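Notes to accompany the following structure.
Read-outs throughout are calculated quantities, based only on the coordinates presented, and are distinct from any laboratory measurement. Please read all numbers here as calculations on a predicted model, not as lab measurements. Cβ placement follows ideal geometry from the backbone for every residue including glycine, while neighbour counts extend to all protein chains displayed.
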Amino acid sequence: MFKARRIIMAALASGYCLAAQAAGPRAEVVHWWTSGGESAAVRKLSEAYTAAGGVWVDTAIAGSEQARSVAINRIVGGNPPTAAQFNTTKQFLDIIEQGLLNNVDAVALKEGWDKFLPETILNVIRIKGHYYAAPVNIHMPTWIWYSRAAFKKAGIANEPKSMDELFAALDKLRAAGLIPLAHGGQSWQENIVFTAVLANQGGKDLYLKILRDRDPAAINSEAFKKVLLSFKRLQSYVDPGAPGRNWNDATALLITGKAGVQIMGDWAKGEFSQARQVPGKDFGCIAGFGANSPYIIQGDAFVFPKTNNAEAIKAQLLLASVITQPAIQVEFSNRKGSIPIRTDVDSGKMDLCAQEGLKIMKDKSRQIGNGETFLNPDQNGSLADILTAYWNRNVAVEKVQKDIAAALRN
Amino acid sequence: MRAKLRLLRRKFVPYAALAPMALIVLVGYLGTVLWSLKVSLSSSRTFPAHDFVGLTQYARLFGNERWLQSLENLALYGILFIAACLVIGFLLAVFIDQKVSGEGVLRTVFLYPYAMSFVATGLVWQWLLNPGNGIQQAVRLWGYADFQFDWIVDQDKAMYTIVIATVWQASGLVMAILLAGLRGIDEEIWKAARIDGIPTWRVYLSIVLPMLGPSVGTAFVLLFTAVVKLFDAVVAMTQGGPGIASEVPAKFIMDHLFGRANIALASAGSIMLLLTVIVLVAPLMYARSRVGSRKGSK
């Protein structure tokens, strides 16, 4: 009698142990994808990781700055997550230099990341020959969205093909009683408008001289002065309720046809699709003016905090491999509004704007990094402070140039 | 011999009881202040660096337009907030002290805002002051089509909106403190004043107010610490905007500690804030100790 029970207990116990061992490598992932569309997107990643045999433990933290602070504090405090989300920028350079991240060279070399990742992303994840992050997606922050209903009401027949045509269209929208430029008065949004003007009016060379080389001669040049003046001119097309408005409330103005144009990243597509609007029919998306306009790249990546635990290292490598597969890339980007990090994907399942973005990405000469890929958070923040002060106040443009030169000097 | 031991032990016990607290103050407060000072003299970014760059961070701080604007805003905010809270709190305390019926209910009503967090206060006031959806829109819908109350999006007036929201919250506390002080005033004073035929407002101004000195002092200290700490109301109401119009030092420091990954500049800012507080408080404490010693020597 007792013997039987003992045998049953032993069988159960061993079965449980086997089951526990069969549960794959456990990955705790810290990220800030908390909105509806973002959660749906990250769920695709966790499903893929689970299908590959791992266990995904989700630690979502609202707010990108908070999520990054939590990740850094945990890494320093000795209780690091298996992976943490950062942007593909210099945000995690300091952590690499302190030796607090594991590299994923094994996966990067085996799957040939050098071959398909854009140069700007490789420059931030490949430090001293080692690969410290797995890129998840590519976002373009300076798409120009327009509401077709608003354009029709203002009598604008064709979408603008240059900065001058954009200003003409904004004038027509104002004459029709609509809000010409839907904008949210937060400094990162002003930074996006500035980047769009710099890329479209200044061109790729000036863009790189200012943001990558931080060349004082370029900052004090006439061409850059014209860019700043256009930037300030756009401010006159914004409605008085703009200060402090969230980006998605500005997109809502386009969706309801109250405003004509918004300069915002491709994550705005999620808002349009939530409202069941279709690109080409209800709204339009312009990547840039001209056939060679720069395609600005920013995005998200997972970094892997340093650990010597063999299970954790297995989880990190598995995660890095899973999220960079073409099929998962398409699934994730469709829900997130981004485009995949590689161009060798089946773009048939992606919407019009994403397909256009992918097409432009294939031309390597048009790829250019966001300001944050060249400037560290402090320099980028100082630049944003100067731009937002210029946007909101009457400052002489020469003073703005001097301030920017001083901010980017160190 | 035994008596001496007992005496020693009696003298020793209070110090033993205070020792843990003293240690925490030494290490937690003074130690961290010294650490901030050390970091502010280095070139640290996300992590502390152990080099020495002298006063570079301070030079950078005072060339930073956002920091200078935040100091200006703090000074303006401090004066307006403390003055308004003291005046409104005093008036509320005086009116409640008039033996009104329902005094308990009124006191609770006025003190209730202080139970709310600054974040909740800031958020609700932001909605109220929003030109499109708040008070301006409501008054316009009532028929006054060109009523303007868009201070919160105005470069020069955004700071005043923060004063409004936080004064609404803190006046109740000042009222409670001054009411307690008023209750401690002798009835005989009123009788004597009535006999002398002094008008009531004069009694309050020249006789009662000086007697409330300690209560006003307490209220002032609490308000002053709230001014220096101002952060959550600004973040909830305007996020420092529009642009940098309602920036405050605490927000500047927090932004640079985390988002900007520049703990050296943030530490320099916090040392400057500490110095400002010391510069303002030290003369006050010196004057108080002088008054105290003069009183004692009488």
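Can you tell me the dipole magnitude for region B:22-109 around its Cα centre, using point charges on the Cβ only (Lys, Arg +1; Asp, Glu -1), in Debye to the nearest 20?
Values: 6 positive and 5 negative charges, 36 e Å.
So the dipole magnitude of region B:22-109 works out to roughly 180 debye.
Students often forget the sequence filter, so: which aspartates and glutamates lie under 15 Å Cα-Cα from residue A:44 once same-chain residues fewer than 8 apart are removed?
The reachable aspartates and glutamates, counting only those whose Cα sits under 15 Å from residue A:44, are A:58, A:331.
Take every DSSP beta bridge whose two residues both sit in the protein assembly as shown, then give the antiparallel share in percent to the nearest 5.
Values: 22 of 38 bridges.
Looking only at bridges with both residues in the protein assembly as shown, the antiparallel portion is about 60 percent.
Using only the Cα atoms of region B:64-237, build the gyration tensor, take square roots of its eigenvalues as a ≥ b ≥ c, and label the shape rounded, prolate or oblate: rounded if a/c is under 1.5, else prolate if a/b is larger than b/c, else oblate.
Numbers: a/c = 2.31, a/b = 1.72, b/c = 1.34.
Note, shape of region B:64-237 comes out prolate.
Along the charge dipole of chain B, pointing to its positive end and built from +1/-1 on Cβ of Lys, Arg, Asp and Glu, which listed residue (B:138, B:287, B:92) has its Cα farthest out?
The one lying farthest along the dipole's positive direction is B:287.
Among A:394, A:334, A:102, which one shows the biggest mean-square fluctuation in a GNM of chain A, springs joining Cα atoms closer than 10 Å?
Maximum fluctuation in the GNM of chain A, among the listed residues, is at A:394.
Most mobile of A:321, A:187, A:273 per a Gaussian network model of chain A (Cα springs, under 10 Å)?
Evaluated over chain A, the most mobile residue of the options is A:273.
To the nearest 20 debye, what charge dipole does chain A have about its Cα centre, counting +1 at the Cβ of each Lys and Arg and -1 at the Cβ of each Asp and Glu?
Details: 46 positive and 38 negative charges, 108 e Å.
Its charge dipole is roughly 520 debye.
With the cut-off at 30 Å, tell me which of the pairs A:225/A:364; A:399/B:251; A:314/A:336; A:128/B:251; B:157/B:251; A:152/B:157 have Cα atoms farther apart than that.
Working: A:225/A:364 28 Å; A:399/B:251 25 Å; A:314/A:336 27 Å; A:128/B:251 36 Å; B:157/B:251 19 Å; A:152/B:157 38 Å.
The pairs that break the limit, which is 30 Å between Cα atoms, are A:128/B:251; A:152/B:157.
Which residue, A:139, A:182, A:55, has the largest displacement toward the positive end of the dipole of chain A when charges sit on each Cβ (Lys, Arg +1; Asp, Glu -1)?
Final value for the positive-end residue is A:55.
Which of the three applies to region B:1-135, rounded, prolate or oblate, going by the alpha-carbon gyration tensor with a ≥ b ≥ c and a/c under 1.5 meaning rounded?
Oblate shape, in that a/c is at least 1.5 and b/c is the bigger or equal ratio.
Taking the Cα centre of chain B as the origin, how large is its charge dipole in debye, to the nearest 20, when only Lys and Arg (+1) and Asp and Glu (-1) carry charge on their Cβ atoms?
Numbers: 26 positive and 16 negative charges, 416 e Å.
About 2000 debye.
Please go through region A:307-378 and write out the trypsin sites (Lys or Arg not before Pro) that DSSP classes as loop and that have at most 11 other C-beta atoms within 10 Å. Spell out each step's value before the answer.
Details: sites: A:314, A:335, A:336, A:342, A:349, A:359, A:362, A:364, A:366; in loops: A:342, A:362.
Those that pass, being in a loop and sparsely packed, are A:362.
Which residue fluctuates most in the GNM of chain B (Cα springs below 10 Å): B:19, B:193, B:84?
B:19
How high is the relative contact order of region A:186-310, in percent, counting Cα pairs under 8 Å that sit 6 or more residues apart? Display every interim value, and only then the final one.
On the way: 67 pairs, mean separation 35.5, N = 125.
Reported as a whole number, the value is 28 percent.
Give me B:203, B:208, B:105 sorted ascending by neighbouring Cβ count inside 10 Å, so fewest comes first. Please list the in-between numbers first.
On the way: B:203 17, B:208 21, B:105 10.
Ordered by Cβ neighbours within 10 Å, fewest first: B:105, B:203, B:208.
Among B:117, B:273, B:217, whose Cα lies farthest out toward the positive end of the dipole of chain B, if unit charges sit on the beta carbon of Lys, Arg (+1) and Asp, Glu (-1)?
It is B:217, whose Cα lies furthest towards the positive end.
Could you grab the relative contact order for region B:64-237? Cα pairs under 8 Å, six or more apart, rounded to a whole percent. Could the numbers behind the result be given before it?
Numbers: 156 pairs, mean separation 65.0, N = 174.
With pairs under 8 Å counted, the relative contact order is 37 percent.
Beyond 13 Å, what share of the Cα-Cα pairs of region A:353-410 is found? Please give it as a whole percent. Write down the numbers at each step before the final one.
On the way: 1132 of 1653 pairs.
Roughly 68 percent, once rounded to a whole number.
Less than 13 Å Cβ to Cβ from residue A:32, Lys/Arg counted +1 and Asp/Glu -1: what total charge do the surrounding residues give? Mind dumping the intermediate values first?
Numbers: positive: A:68, A:336; negative: A:38, A:58, A:65, A:300.
My count for the surroundings of residue A:32 gives -2.
What trypsin sites (Lys or Arg not before Pro) does region A:58-156 have in DSSP loop regions with at most 14 other beta carbons within 10 Å? Mind showing how you got there, number by number?
Numbers: sites: A:68, A:74, A:90, A:110, A:115, A:126, A:128, A:148, A:152, A:153; in loops: A:128.
Passing sites in region A:58-156 are A:128.
What whole number of Å gives the distance from the Cα centroid of region B:88-153 to the Cα centroid of region B:40-55?
Region B:40-55 and region B:88-153 have Cα centres spaced 45 Å from each other.
Taking residue A:153 as the anchor, which lysines have their alpha carbon closer than 29 Å to its alpha carbon, excluding any fewer than eight residues away along the same chain?
Residue A:153 reaches A:161, A:172, A:232, A:258, A:269, A:281.
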